[in-house]
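Worksheet: the structure to be examined is printed underneath.
Any read-out appearing in this document is the output of simple, stated calculations on the displayed coordinates, not a laboratory observation. Computed from a predicted structure; not experimentally measured. Virtual Cβ from ideal backbone geometry, glycine too; neighbours counted across all protein chains shown.
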Amino acid sequence: MKTLEIMEESVRHPDGIRLLDNLRQVILGKDEVLFLVLVGLVARGHILMEDVPGVGKTTLARALARSLSLDFKRVQFTPDLMPTDILGGAVLRPADGTFEFRPGPIFTQILLADEINRASPRTQSALLEAMSEGQVTLDGVTRPLPAPFFVIATQNPIEAEGTYPLPEAQLDRFLMRLGLGYPAREQEVDLLYDQQTAHPLGRLAAVATAEAVVALQTEARAVEVKRKVGQYVVALVEGTRHHADLRLGASPRGSLALFRAAQARALLLGRRYVLPDDVQALAAPILAHRLELVPEARYAGRDPVQIVQEIVRAVPVPAA
């Protein structure tokens, strides 16, 4: 997906400008992906990044945490990882024989779930409540997670050996699925020299706070969405439910994700209202990973992103 398809306008919100400029110091030539990550953060969503190792997924998560002065934790997902390794659990206190709750790494503000599809579906599902409700329930006790709470999960290509496909319910919790991809040749040369003496992540300064992020998220929810634009969102999602090449279309959670992401995009681009352009630009990264192809379409090499783009072209755009 090209930059102009995502950002036909410049980022104009002051916080968005500072954050994007800061991230550009570490991640070179990937402005469209950085922008979408910020959209996900402002929309209170979570990001699934599917890509080959070594292209900067972990660096992006760390850079975002540093830019916002947020608590950051990384969990390496492996086949033997258990849900309690993520959520935490009760630990015996030898002094008095009582149990106390010891929080797991999920009690953070930015969680990097690295190679999430190497763990079993049971362990993957441990994230469901946290991602949808911002809380963790263990032994009948519900504990809130700090705000903002943002998950960036990385995933090896599903054809890779030793991977488990993410359950449909887990995929649906991610606002978007993105990929950084390899850098262009000159940008990779620049990367070599940027890291010749030290990693640029070490000199990255904070440009915002947790309070500023929460305020930005609240501000995004107030962005106006005309009813005809809301109807357009639903029409696109309904198009995935009736497409001949799809066995499973997007759920109402997909409609809500597209609605809220469009608000966040409009805010970052300096508008207090959503345009159909916002919805169109975000339809593929938000809806494609929620779709399941029929076997015939899969064997024919059809791509969910391509199908979403076909639906966008087919559904009438509401008049301004």
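Below are the figures for this structure:
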item: GNM result for the chain, Cα springs below 10 Å: residue of Ala63, Ala257, Ala206 fluctuating most strongly; result: Ala206
item: Rg/Rh for segment 222-320, where both radii come from Cα atoms and Rh is the Kirkwood radius; result: 1.00
item: Relative contact order [Cα under 8 Å, 6+ residues apart], the chain, whole percent; result: 22
item: Computed helical MRE - 222 nm, the chain, DSSP H runs ≥ 4 contributing -39500 (n - 2.57), nearest 500; result: -13000 deg cm²/dmol
item: Charge dipole (debye, nearest 20) of segment 1-217; +1 at Cβ of Lys and Arg, -1 at Cβ of Asp and Glu; result: 460
item: Quarter of the Cα convex hull surface for segment 54-118, i.e. its orientation-mean projected area (nm²); result: 5.8
item: Percentage of interatomic Cα-Cα distances in segment 60-167 larger than 16 Å; result: 61
item: Relative contact order computed over segment 136-259 (Cα-Cα under 8 Å; 6+ residues apart), in percent; result: 20
item: Segment 222-320, relative contact order in percent, only Cα pairs under 8 angstrom and at least six apart counted; result: 35
item: Length added when fully stretched, Ala314-Gln135, from 0.36 nm per residue minus Cα-Cα; result: 60.5 nm
item: Surface/4 of the Cα convex hull for segment 158-259, nm²; result: 11.8
item: Charge tally in the Cβ shell below 15 Å around Val42, where Lys, Arg are +1 and Asp, Glu are -1, Val42 excluded; result: +4
item: Residues whose placed amide H lies under 5 Å from that of Leu246, excluding near-sequence neighbours; result: Val294
item: Segment 1-138: proportion of alpha-carbon pairs further apart than 23 angstrom, %; result: 43
item: Estimated translational D of the chain in µm²/s (Stokes, Kirkwood radius over Cα pairs; 25 °C; 0.890 mPa s); result: 119
item: Cα→Cβ-extended label distance, 7 Å offset, between Gln187 and Arg298, nm; result: 3.2
item: Dipole moment magnitude, nearest 20 debye, segment 93-180 about Cα centre, only Lys, Arg, Asp, Glu C-beta charged; result: 140
